Amino acid sequence: MKAIEASGLYKTYSGFFRRKGGRALDGVDLKVDAGTAFGLIGLNGAGKTTFIKTVLDVVKPDKGSIRILGGRPEDIQTRMRTGYLPERLEMPGAWTPRSFLRSICRFRGVRDFEDQIRFRLSQVGLAPEAGHRIRTFSKGMKRRLGVAAALTGSPELIVLDEPTDGIDPIGRLEVRRILEQEKKRGATIFINSHLLTETERFCDRIGIIHNGRIKREGSMKELCGDVDRWRAAFEKGSDEELIRKQGFEKETDSDDWIFVTSSLEDLNRALDSARAGGALLSGLRPDLKQLDEILAEVAGGEE
Amino acid sequence: MKRISFAAFDLLKEAVARKWIVAVSVLITLMLLTLAFFLRLDVVDGALAASRFFGRDMGSDIRAVDIELKPLFQAAGGLLFYSCLILGAFITADFAPGLLSPGRIEHTLSLPVKRWELLTGMFSGVLILVLLGCMYAAGGFTVILGIKTGYWTSAPVVTGLLAVAAFCAVYGPMLAVAVFFRSSAVSGAAGGLIISLGIMASYRAEMAGMFQPGTGRWIFEILTAPFPRIVKLSTFAMNLDYAVSTDWLELVRLIAGHILFGSAALIVGILGFDKKDF
């Protein structure tokens, strides 16, 4: 089953009254499998937030169709099964986290909502502040409360727009751990994040959006292509000439050695020869392209 | 219906935390306390033995208490009616823009609630809030005067209800404007404009004479026709107990007109809200 199915989505904002006009979505086609974690990345103004808002019926597309969890985004039953954390979440400052989550529980029809609220607040580390007014919270605390709000009612589809923005590194790890738990529960997680490493680590599949179109989409392995470069590290004191003779090239700005091949046999043969000559291998990893490099490539190719 | 009540409840919950609401509640309470402790009225057998308001001798003969209190009730009715409209418009001007503000509305719209339910909930919440304020003031006034004079009347409470009906006509356009502009200043200005136009519409027959017969007068009459006749409703509200013969049909028409006007504006707001991107 597909959690999100978008086909031929177009959206152009009119430049009317203080709003910057322009085409935000230019024929987006995207399918996200249920039970997976999907990351959408792109430069500022690429159309990430507009796409998310279209998925949730906050923005109406000019053209195209979208289905989430098999239903239409505007259907109440579909929304009951969807949780959302906007990029910029404003909450009623005079309320407490408990009353804010209670309101969400009422709308989502959560029955055992006191248990649910207690669980979600302790999950994001806000249980001690459950009775404090939201206006006294720091940016990170508000963000964590936003995450709790998105997860309240255990929705099947969780859409998070910059979920860890403003959260400290330990908090980020916590959020990732929580999202891992939600994924294990079977929820689909759709993330839009500027933190590429985080997206790379957590998401099963990644989509790159640029100028309102999905330019690339796939798993990290698919996006990075076949491994044809290897990065090896040898202990200091190893015979560099011997290593070089096996086909390794020393990188100028690091102590790493690069071996270019798509054949594992060739790689192992070269390593065996180097080690037989006394070189001590201390590390080996495929020299994959980083997500930011791929993003830059996509954006650069378009310019 | 359930979701409308959730939206209304959330609005009320947020409203009670606002300083202006607290300030108005304190103001009403102070006014009631002033009446309770400082209004000097002595009543004997259903009449005012000594006709004094705030200690001032009225210098009139002994009269029936309802006749004697007529100016007081009329003034209180007028005060209640127009305070409801003006203070109501002022205080509630930032409710809808606040709830529709960026960062807030995106999240609310993602919840299982239809857009029309959300807006109707906001509308109902505001009306309930204004109704509670009016009932507190009117109820308090009735009880204090009732205890002091032995004269019990439901007129202030009915005046309060009529004021809420009038406010319906003011808040509908305010909410519709808030949908399009998300500005409390513009929303408040819309309320002020409706009150002004409503006052003008109440005198449209008299004012029409100021225009030359023909196109000018016709345009004036067409332009002022849709607006609720606020002054007419307030006149009814202030004279409920004293009108020699209340024209009930006219009163019902006026109430229906105000509610219809507010509802029509709400529908315009809903139609705009339904198509709007946030």
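Taken together, the values in this text are just the output of simple stated rules run on the coordinates, not laboratory data. Not measured: the values here are computed from a predicted model. Positions of Cβ are backbone-derived with ideal geometry, glycine not excepted, and every protein chain shown enters the neighbour counts.
Within 10 Å of each Cβ in peptide A:104-112, how many partner chain Cβ atoms are there on average? Round it to a whole number, please.
On the way: counts 4, 0, 9, 11, 3, 3, 0, 0, 0.
Taking the mean over all residues of the peptide, I get 3.
Tell me the volume per residue, in Å³, of the convex hull enclosing the alpha carbons of the range A:67-129.
112
What does the average come to when, for each residue of peptide A:84-96, you count the partner chain Cβ atoms lying within 10 Å of its Cβ? Intermediate results must be reported in sequence, preceding the final value.
Values: counts 5, 3, 10, 3, 5, 4, 9, 3, 7, 2, 7, 4, 0.
Other-chain Cβ atoms within 10 Å of each residue's Cβ, averaged: 5.
Evaluate the Kirkwood expression for the hydrodynamic radius of the protein assembly as shown, namely the inverse of the mean inverse distance over all pairs of different C-alpha atoms, and round to one decimal in Å. Write out the running numbers ahead of the final one.
Details: mean 1/r = 0.0348 Å⁻¹.
One decimal place: 28.7 Å for the Kirkwood radius.
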Normalised Cα Rg of the range A:56-161, dividing by 2.2 N^0.38 Å with N its residue count, works out at 1.12
Rg (one decimal) and Dmax (whole number) from the Cα set of the range B:94-183, in Å, equal 17.5, 56
Applying the gyration tensor rule to the Cα atoms of the range A:1-116 (axes a ≥ b ≥ c; rounded if a/c under 1.5, else prolate if a/b exceeds b/c, else oblate), the class is oblate
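Say the cut-off is 32 Å between C-alpha atoms; which of A:LYS2/A:LYS289; A:LYS215/B:LYS114; A:LYS53/A:LYS142; A:LYS63/B:LYS114 go over it? Before the final figure, lay out the partial values.
Working: A:LYS2/A:LYS289 29 Å; A:LYS215/B:LYS114 34 Å; A:LYS53/A:LYS142 21 Å; A:LYS63/B:LYS114 21 Å.
Beyond 32 Å: A:LYS215/B:LYS114.
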By the mean-Cβ-within-10 Å protection proxy, highest first, A:142-148, B:122-128 rank as A:142-148, B:122-128
Expected unfolding gain across A:VAL260-A:SER14 under the 0.36 nm per residue rule, minus the alpha-carbon gap, is 83.5 nm
Relative to the compact-globule estimate 2.2 N^0.38 Å (N residues), the Cα gyration radius of chain B stands at a ratio of 1.13
Counting only backbone N atoms under 16 Å from a point 7 Å out along Cα-to-Cβ of A:ALA276, the residues of the range A:231-250 in range are A:242-248
Diffusion coefficient in µm²/s returned for the range A:227-287 by Stokes-Einstein, Kirkwood Rh over C-alpha pairs, 25 °C and 0.890 mPa s, is 218
Over all Cα pairs of the range A:2-223, the Kirkwood radius sets Rh, and Rg/Rh then becomes 0.96
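Within 10 Å, count the other beta carbons around each residue, average over each peptide in A:159-167, B:197-205, and list them highest first.
Working: A:159-167: 22.2, B:197-205: 17.3.
Top of the packing list down: A:159-167, B:197-205.
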With x for Gly and Pro, the residue-by-residue ³J(HN,Hα) of the range B:150-155, computed from phi through the Karplus equation 6.51 cos²θ - 1.76 cosθ + 1.60 at θ = phi - 60° and given in whole Hz, is x, 9, 9, 9, 8, 3
